[in-house]
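The values are calculated or read from the model by the stated rules, or taken from the named source; none is laboratory data. Just so you know, these numbers come straight off a predicted model, no measurement behind them. Note that we place each Cβ from the backbone using ideal geometry, even for glycine, and neighbour counts take in every protein chain shown.
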Amino acid sequence: MLLLDDLPETLLDLAVPHEDINELTSLAARFTAEPGLGELLEESVRVLVQDIGTVGVHPELPALPEKLGDLERWFPVYVAVAALPHIRAYHRERGIPEDIARRTLADLGRHIALHHRRRGKGGLSVPGWLRLHFRGEIYQLGRLQFQRSRLGNRTGRAVREAGIDAEPGGSCLDLHIPDYQGPLTPEACADSIARAGEFFARHFPEEHYRVGVCHSWLLDEQLRDYLPENSNILRFQGLFRTAYKDDEPSDREPVGFVFGNPDLPVADLPQHTTVQRAVTRHLLAGGHWYLGHGWFEL
């Protein structure tokens, strides 16, 4: 249930951009005025938090009715807000420090900011991603995010063949690199990884994490042809051993992450920074970018 009186402060706690607070507060009145919407919200929260904390569950929320108007792009935000009591209770049960819990859930506001950047207005482009946060599967620990996850078949085999006691389907920490978090320096990454080792050993002692993994265009080895050896991205790549390489291009990934919109025409992409020039010139030359898949021992 949404607590309308507390909604503005709650949204601010979740780092929702200030310019969206009034619209979200105004639209929230519809959940009281239209009982069917209130019931849909309650059912969505129930599905989201069922088996909260369980790794690898991908809840499919109820379909939204047609003609919701502006409420459609905001509906996942209301689901997240209504789920707050559940995830906060889970964090307390696990002894998650309040500052880590707050910074983790504030990723909601960051993704609304990304929606502004991409589409010129508020909303959530990939609402499914935030379900990890509100189910206790992902945590912001310094510069990086760490997701409680499972090794896939190919990565699991690569880790096992390297002599690590791990198997496909075994526990791993999936690293994610959020935007708007400052430079991806080696020092910041080392700090995050050290924090992760302590955090998960303390708060999830029954889960044993031997490896960290990453699946990202930032691990595409072709970046070495464009970036200086001392670049933060190449030093980030140096953390990982290659698990496998994709055969299919993923050009939309770097365009979306670097320029904010994966649908931008390549010919119109700016080239103001070293990374922008690398992504753009490679595509203009007829090349493609690929997701890299790497791992390292924790």
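Of all residues in the range 80-124, those being crowded, with 16+ Cβ neighbours inside 10 Å, in contact with a Lys or Arg (Cβ under 9 Å, 6 or more places away or on another chain) and modelled with pLDDT under 95 number 4.
Selection of the range 194-223 for residues being in contact with a helix residue (DSSP H, G or I) (Cβ under 6 Å, 6 or more places away or on another chain) and either surrounded by fewer than 18 Cβ atoms within 10 Å (Cβ to Cβ) or among the β-branched types (Val, Ile, Thr) (or both) yields 203, 211, 213. Cβ-Cβ distances below 9 Å connect the following pairs, each with a first residue in the range 256-277 that is under 21 Å from residue 225 (Cα atoms) and free of Cβ contacts under 8 Å to residues at least 40 places away in the same chain, a second residue that is surrounded by fewer than 15 Cβ atoms within 10 Å (Cβ to Cβ) and aliphatic (A, V, I, L, M), and a separation of six or more residues or different chains: 266/284; 267/284; 269/284. On the stretch given as the range 228-258, residues that are of a type in the set (Phe, Trp, Tyr), modelled with pLDDT under 95 and touching a Leu at 6+ places or on another chain (Cβ under 6 Å) total 0.
If the condition is being surrounded by 12 or more Cβ atoms within 10 Å (Cβ to Cβ) and either small (Gly, Ala, Ser) or under 14 Å from residue 81 (Cβ atoms) (or both), then the range 38-60 contributes 38, 41, 42, 44, 45, 48, 49, 53. When the residues of the range 172-190 are filtered to those that are free of Cβ contacts under 8 Å to residues at least 40 places away in the same chain and farther than 23 Å from residue 256 by Cβ, the one that is farthest from the chain's Cα centre (by Cα) is 187. Can you tell me which residue in the range 248-280 is farthest from residue 220 (Cα to Cα), limited to those that are of a type in the set (D, E, K, R) and surrounded by 15 or more Cβ atoms within 10 Å (Cβ to Cβ)? Out of the qualifying residues, it is 277. In this structure, residue 111 does not qualify as within 23 Å of residue 10 (Cβ to Cβ) and either in the same structural domain as residue 295 (by TED's automatic domain parsing) or in contact (Cβ under 8 Å) with a residue 60 or more places away in the chain (or both). Please verify whether the range 238-247 includes one or more residues that are surrounded by fewer than 16 Cβ atoms within 10 Å (Cβ to Cβ), touching a Phe, Trp or Tyr at 6+ places or on another chain (Cβ under 6 Å) and free of Cβ contacts under 8 Å to residues at least 60 places away in the same chain. Within the range 238-247 (the criterion being surrounded by fewer than 16 Cβ atoms within 10 Å (Cβ to Cβ), touching a Phe, Trp or Tyr at 6+ places or on another chain (Cβ under 6 Å) and free of Cβ contacts under 8 Å to residues at least 60 places away in the same chain), the answer is yes, since at least one residue qualifies. Could you list all residues from the range 155-171 that are surrounded by fewer than 22 Cβ atoms within 10 Å (Cβ to Cβ) and either over 22 Å from the mean Cα position of the chain (by Cα) or part of a loop (DSSP other than H, G, I, E, B) (or both)? 157, 160, 161, 162, 163, 164, 165, 167, 168, 169, 170 - these are the residues of the range 155-171 that are surrounded by fewer than 22 Cβ atoms within 10 Å (Cβ to Cβ) and either over 22 Å from the mean Cα position of the chain (by Cα) or part of a loop (DSSP other than H, G, I, E, B) (or both).
Determine, yes or no, whether residue 63 is within 23 Å of the chain's Cα centre (by Cα) and either surrounded by 14 or more Cβ atoms within 10 Å (Cβ to Cβ) or not assigned by TED's automatic domain parsing to the domain that holds residue 152 (or both). Yes: the conditions hold for residue 63.
Residue 86 meets all of the listed conditions (1) within 19 Å of the chain's Cα centre (by Cα); (2) under 30 Å from residue 152 (Cα atoms) but one, namely (1).
Would you say residue 177 is closer than 17 Å to residue 275 by Cβ, touching a strand residue (DSSP E or B) at 6+ places or on another chain (Cβ under 8 Å), surrounded by fewer than 20 Cβ atoms within 10 Å (Cβ to Cβ) and not assigned by TED's automatic domain parsing to the domain that holds residue 79? Here the answer is yes, as residue 177 does meet what is asked.
Scan the range 25-55 for residues that are assigned to a helix (DSSP H, G or I) and in contact (Cβ under 8 Å) with a residue 60 or more places away in the chain and the total you get is 2. Taking every residue in the range 121-148 that is assigned by TED's automatic domain parsing to the domain that holds residue 51 and free of Cβ contacts under 8 Å to residues at least 24 places away in the same chain and pairing it with any residue that is surrounded by fewer than 22 Cβ atoms within 10 Å (Cβ to Cβ) and among the charged types (D, E, K, R), at least 6 positions away or on another chain, the pairs with Cβ-Cβ distances below 7 Å are 125/118.
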